[in-house]
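Have a look at the structure below before the remarks.
The values are calculated or read from the model by the stated rules, or taken from the named source; none is laboratory data. The model shown is predicted, which means the values in this text are computed figures rather than measured ones. So basically every Cβ, Gly included, is an ideal-geometry build from the backbone, and we count neighbours across all protein chains shown. Heads up: the accessible areas ignore ligands, DNA and RNA and are worked out on the full protein's heavy atoms, side chains in. Shrake-Rupley method; radii C 1.70, N 1.55, O 1.52, S 1.80 Å.
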Amino acid sequence: MSADPNSTTRINSKIIAANWKMNGSEELLKEFSEFEVTKGNDVIMCLPFTLLDLANTLLPNFIKIGAQNCSEEDKGAFTGEVSASMLRERNVSYVIVGHSERRTLFRETDSTVFRKVQLALKNGIIPIVCIGETLLEKKKKKTFEVLDRQIEGSISKIETPVQLIVAYEPVWAIGTGLTPNINEIEETHFHIKQKLGEFFDFYIPILYGGSANSENCDEIISVPHVSGLLVGGASLEKRHFAKICNC
Ligand code: PGA
């Protein structure tokens, strides 16, 4: 199945993407087989590789399936890696690339991320490219500088026209229960939009990620220039994730 072109071009509906990280099990996934969303938002579930096949048979059709990473190489002697073309064979429509956990713990650079983005696109998979500043960078008032550098290094050289999603995830907000205030989110998303506009003339959804949950989702999703949410911890509980998908 090819990536759904309408998913990222419908500006009025929101995109809610789950990032299960290295969590979940077949048992948990089974709970999501009866998942209902009334709001008309696009729902993407980015799952561990091992759950992708089961997700294809279990999840309702309206949920698009995503992975959380792909190799920066096409194929070959790279033990343990999974390529974008392999993901494609598993019906994956989206892949998260450049998540801060991968940038920090697995030393991925902007150029690594860019190679992954290119391979995802080559294989018809829409990349969800994560960018965001650390707490230290925020304190030094370098947020925009960092975001610009990440956009230039990992996104700007993509050949147009393509589909992609950007996720703004302040590193200090991930898994901490902290979020930027509403004005900060608006200002930053506007900045990202302007920066992307220097390189691309088509609509690129910008998701917010970092401690988004069923309590704050309504407020964050109504912020101008926020096209949806990338949800970690709160996506592991069906009841909470359903509420977020109905924001
Ligand atoms: P969180 O994670 O919602 O648990 O903060 C978000 C993410 O890392 O994508």
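Using protein chains only and a probe of 1.4 angstrom, how many square angstrom of HIS240 are accessible, to the nearest 10?
Its accessible surface works out to 50 Å², give or take rounding.
Looking only at Cβ-Cβ distances, which cysteines of the chain have no other cysteine closer than 4.7 Å?
So, CYS46, CYS70, CYS130, CYS245.
Rank SER100, LEU230, ALA67 by how far each Cα sits towards the positive end of the charge dipole of the chain (+1 on Lys, Arg Cβ; -1 on Asp, Glu Cβ) and give me just the farthest.
Positive-end residue among those listed: SER100.
Report, in listed order, any pair from LYS21/LYS195; LYS193/LYS238; LYS122/LYS157; LYS14/LYS141; LYS141/LYS195; LYS195/LYS243 with a Cα-Cα distance greater than 25 Å.
LYS21/LYS195; LYS193/LYS238; LYS14/LYS141; LYS195/LYS243
Dipole magnitude of the stretch 84-229 about its Cα centre, charges +1 at Lys/Arg Cβ and -1 at Asp/Glu Cβ only, in debye to the nearest 20?
620
Between the stretch 44-123 and the stretch 151-213, what's the alpha-carbon centroid distance in Å?
19
Can you pull the percent of the chain's accessible area that's carbon plus sulfur, 1.4 Å probe, other chains left in place?
The nonpolar share, carbon plus sulfur, comes to 50 percent.
Per DSSP H run of at least 4 residues, take -39500 (n - 2.57); add these up for the chain, divide by its residues and hand me the 222 nm value, nearest 500 deg cm²/dmol.
-9500 deg cm²/dmol
Quick one: among PHE114, PHE106, PHE144, which has the greatest mean-square fluctuation in a GNM of the chain with alpha-carbon springs under 10 angstrom?
PHE106
What number comes out for accessible area per residue over the stretch 110-170 if the probe is 1.4 Å? Units Å², please.
Per residue, the stretch 110-170 has an accessible area of 43 Å².
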